[in-house]
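Participant: Please see the structure below; I have some questions.
The values are calculated or read from the model by the stated rules, or taken from the named source; none is laboratory data. What you are looking at is a predicted structure, and each value in this text was computed from that prediction instead of being measured. All Cβ positions, glycine included, derive from the backbone under ideal geometry; neighbour counts span all protein chains shown.
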C-alpha cells in the first residue's frame, strides 16, 4: 500500500439471515434423517398409548412424540426454555429437513408438557432405549458386550417458586436430577427429578432407579453382563442387595467413616501397589462385609495418595481435605507433619480382576460427572424452564439424551 494514501474506511458490516428461503438451522437435517429412519416419533407415541392414562392431546394437534422431538431440536439450537421453541416454529424453510415437522406454539408445548406424569416419562425413556437399540444394530454394535451403568446426581439452582424444588444442604433452592448413564454409549437410560433435599436417595429409591435403568438397557436389546458404578451418596446395603438380585455387579464409593479408618490400619505396608495411570497413588485391598450383607465377603479396594501441606487448600470444604484422616489433617495443618495420605474406598463384588484394575475402572465413573457438566454449562440442563414439576420432567429426556 502506498504510504501516501489512507486506507478507505469500510462501513459497518451486518450479517443477517433474513431470507425466508434459507434456514439458519441446517444442521438439524442430520437429526431429521436419523429420527425418521429410526422411527422415534412413532415409538414414543406407541409407548405413550400403552399407558393406562395416555397423555391427552388434541385430535389435530401435535402428538407426544412430536412434542418431545420438537423440544429436543429446540434444545440443540440453543433453546433454554419453552418459549425458545418459537425460533424453531418460525423456521419454515427448515421444516422439511427437521424430524419435528409440526412444532407447537410455546404456550401449547408448555401446556402439553404439564400433562406428562412419571409413567409417561418412563414410556418416553423406553421408546428412546428402543431407538438406541435400533441405532446400535444399524451400526453393527455387539449387544452381548459388557455394559457399565453410572449412577450420579447433580444440582440445578432455581429462582422463584418452582414445584418440587427444595432447599439443599448448601442452602440453595434446587432440583436434584438423578441420572443413570450407559457409560459405553454415553446414553442416559433413565432419570428422576426430585427436590434438592433428596440429593441422597433412600436405598429403596436408588434400587428402583437401578432396576429401571436395567429395564431400559434390556429394551435397547442389550444382553451382556452389567456392572454399576455408584457414587458414595447412593451407598446403602439395600441397593447392593437389589443389584445382586438383578444379576448386576457393582463398584461403589464408600463414605469415609470410623469403620473405614480402622480398615486402613489393618492393611500392611507391603500390600500396597502402584495404581494404574495415576502417578503417586497406590492401591490395596481387604475383605469387608457390610452390616446386612448376607452373601460372600466383598472386596474393599483402598487407594491412597500422598499430599504435602502445600497441596492442602485452606478452604474447609475442599474435597482433598476430606480424604485425609482427621487426626493426620490436624497435624498437617498445624505444621507438625510435612505430608499425609488421602484415602478413597471402593466396595465391589468383582472377583476376577486385580485391585488396581477395579480402582482404575471405578475412577472412570468421573465420565458421568463430565457429561452432567456439559449438559449444564451452556446446554439445556442448565436450569429447569418451568414452575411446574411435570413440565420440567418432560424437559429432561431430550436434555439428557445424546
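Participant: Tell me which residues, restricted to region 122-146, are within 17 Å of residue 49 (Cβ to Cβ) and surrounded by fewer than 20 Cβ atoms within 10 Å (Cβ to Cβ).
Facilitator: Within region 122-146, 122 is the sole residue that qualifies.
Participant: Out of all the residues in region 18-69, which are surrounded by 20 or more Cβ atoms within 10 Å (Cβ to Cβ) and modelled with pLDDT under 90?
Facilitator: 55
Participant: Return the pairs, sorted by first residue and then second, in which the second residue is modelled with pLDDT under 80, the first residue lies in region 1-30 and is under 30 Å from residue 73 (Cβ atoms), the beta carbons are less than 9 Å apart, and the residues are 6+ apart or on different chains.
Facilitator: If the second residue must be modelled with pLDDT under 80, the pairs left are 23/17; 24/17.
Participant: Another question about this same structure. Would you mind stating whether residue 215 is at pLDDT 90 or above, over 18 Å from residue 251 (Cα atoms) and part of a helix (DSSP H, G or I)?
Facilitator: Values: at pLDDT 90 or above: yes; over 18 Å from residue 251 (Cα atoms): yes; part of a helix (DSSP H, G or I): yes.
The answer is yes for residue 215.
Participant: Out of the residues in region 225-242 that are in contact with a helix residue (DSSP H, G or I) (Cβ under 6 Å, 6 or more places away or on another chain) and surrounded by fewer than 24 Cβ atoms within 10 Å (Cβ to Cβ), state the one that is nearest to residue 144 (Cα to Cα).
Facilitator: 242
Participant: Something else now. From the list 240, 278, 263, pick out the single residue that is under 26 Å from residue 206 (Cβ atoms) and either part of a loop (DSSP other than H, G, I, E, B) or under 27 Å from the mean Cα position of the chain (by Cα) (or both). Walk me through how you get there before you give the answer.
Facilitator: Details: 278 fails: under 26 Å from residue 206 (Cβ atoms); 263 fails: either part of a loop (DSSP other than H, G, I, E, B) or under 27 Å from the mean Cα position of the chain (by Cα) (or both).
Just a single option satisfies the conditions, and that option is 240.
Participant: Further, regarding this structure: Across region 356-381, what is the number of residues that are at pLDDT 75 or above, farther than 14 Å from residue 188 by Cα and surrounded by fewer than 17 Cβ atoms within 10 Å (Cβ to Cβ)?
Facilitator: 3
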